[in-house]
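Data first, discussion second: the structure below is written as C-alpha cells.
The values are calculated or read from the model by the stated rules, or taken from the named source; none is laboratory data. These numbers were taken from a predicted model, which means no experiment stands behind them. Every residue, glycine as well, gets a Cβ built from its backbone with ideal geometry; the counts of neighbours run over all protein chains shown.
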Amino acid sequence: MFDFSARDLDALVDACAQDELLPLIEAIIPRAAAVLEAGAGSGRWIKALTDRGYATTGIELNRADVDRFRAAWPDLPYDHGSVEHLPYADGQFDALLSLGVIEHLFHGPERAMAEMRRVLKSAGVMLLTVPVANASFRLERMKDALAQRLYGSATVRRALGKPPLTFSTDHERSRLEAIRRDRRAGMAVKYRFARDSGRDFYEYRFTAEQLRTLVVEAGFTVDSMQFLYGADRLYQIFGRLLGQYDGVRSPRLNRIGRGLAAALPAEWIGHMLLIVARRC
C-alpha cells in the first residue's frame, strides 16, 4: 500500500502539501535550515521542502530511487548511501528527518541513531517516525495472518485463478525460525508475503515507550510525541469498506471511516508515531 516507487514523482511531491506532517515540519524547523532526510525513498520530501525554502539534502540506499530523483531534479542534492554510514561531517545539519526508516533495520537502529546524532548540530532537531505497535496493529496482524494462510493455500489460489506458489515451504520455515531466533527481543514484527518466497521480515513496530527509550539512549532529549495517519491504518485493516486510496495521498475515508477515526483514540489507530527530539 505504501510503496511509492512506481508513483509519479510530481504527484508524490504535490501530495506533501496535504500531508498532516507538513504543518508540523514547518512549525518546528526554521526556514533556510540545513535539513537532512535520512532514508528519503522517492525523495518527495526533498523536493517539497526545497520548494518551501529549506536547504534539503537526502540520502537513500535504494539506487533506483536516487537515480529516478536525480533524473527529474539533477540540481538537488540526493546521495546514494546508508543511514548507518552517513557521508557527512559532524554537526553539518540543523535538522534531520527520518520517516519510516529505522523499523526496517533487522539488527536494530542503534548504529543509524548514532549517525543521525553525529551529523546534527548541538541542539539540532530530529523528526523521526516509526510504525506503531498499538491496538489496531494487533487487528492488522490477525488480518495479515489470515490472508497469508488463505493465499498460501493451493486450493484457494486455484479457486481465485491465482498462479501457484513457487517457494519451498521448508525454506520459508527455516527463514522464519531464524527471524524468531535473531530478532530484537520484545519488538513486534510485521511480515510480508511474496508468491515466490513466502513470509519474510518486513519491519518492527514500536510502542511509544520503546521509541522514547531508544531516542533518549541515543543521546537526544524528547520534545514531543504524536500519533499520525489514523486513516491509513483503518484503510490497511478494512480497505474499501471505509474509503478509497489513490496510491499517493492518505486514504479518503467515507462517512463510516470518518466516524471511526473521530471516535477512536489516536493512540489506538495511529499508523505512525512521530517523535521530535533534540541532540543533547
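S224 satisfies every condition listed in (1) touching a strand residue (DSSP E or B) at 6+ places or on another chain (Cβ under 7 Å); (2) in a loop (DSSP other than H, G, I, E, B); (3) assigned by TED's automatic domain parsing to the domain that holds A27 except (2). Counting the residues of the stretch 65-83 that are closer than 20 Å to F93 by Cα and either aliphatic (A, V, I, L, M) or not assigned by TED's automatic domain parsing to the domain that holds M126 (or both) gives 2. All of (1) in contact (Cβ under 8 Å) with a residue 24 or more places away in the chain; (2) not assigned by TED's automatic domain parsing to the domain that holds V216 hold for G124 with one exception: (2).
Considering the stretch 16-52, the residues that are polar (S, T, N, Q) and not in a loop (DSSP other than H, G, I, E, B) include one that is surrounded by the most Cβ atoms within 10 Å (Cβ to Cβ), namely T50.
Kindly indicate whether S136 is under 21 Å from W45 (Cα atoms) and either among the polar types (S, T, N, Q) or loosely packed, with under 14 Cβ neighbours inside 10 Å (or both).
Values: under 21 Å from W45 (Cα atoms): no; either among the polar types (S, T, N, Q) or loosely packed, with under 14 Cβ neighbours inside 10 Å (or both): yes.
Taking the combined requirement at face value, the residue does not satisfy it.
Within the stretch 98-106, the presence of a residue that is in contact (Cβ under 8 Å) with a residue 24 or more places away in the chain, within 21 Å of the chain's Cα centre (by Cα) and over 29 Å from A188 (Cβ atoms) is excluded.
Being in contact with a Gly (Cβ under 9 Å, 6 or more places away or on another chain), more than 22 Å from T213 (Cβ to Cβ) and not charged (D, E, K, R) is true of S122. Those strands (runs of 3 or more DSSP E) of the stretch 104-218 in which 3 or more residues are at pLDDT 95 or above and among the aromatic types (F, W, Y) occupy 198-205.
Quick check on the stretch 217-249: of everything there that is among the aliphatic types (A, V, I, L, M) and either touching a residue at least 60 places away in the same chain (Cβ under 8 Å) or over 26 Å from W45 (Cβ atoms) (or both), which residue is surrounded by the fewest Cβ atoms within 10 Å (Cβ to Cβ)? Selected residue: L241. Look at (1) surrounded by 15 or more Cβ atoms within 10 Å (Cβ to Cβ); (2) in contact (Cβ under 8 Å) with a residue 24 or more places away in the chain; (3) of a type outside the set (K, R) and you find that L253 fails only one, number (2). Give the stretch 227-276 a look and list any residue that's among the charged types (D, E, K, R), in a helix (DSSP H, G or I) and touching an Asp or Glu at 6+ places or on another chain (Cβ under 9 Å), or say none. Hit for the stretch 227-276 is R233, nothing else.
What are the residue pairs meeting all of these: first residue in the stretch 17-28, first residue within 14 Å of K47 (Cα to Cα), second residue modelled with pLDDT of 95 or more and in a helix (DSSP H, G or I), Cβ atoms under 7 Å, and 6 or more apart or on different chains? Between residues of the stretch 17-28 that are within 14 Å of K47 (Cα to Cα) and residues that are modelled with pLDDT of 95 or more and in a helix (DSSP H, G or I), the close pairs are L22/C16.
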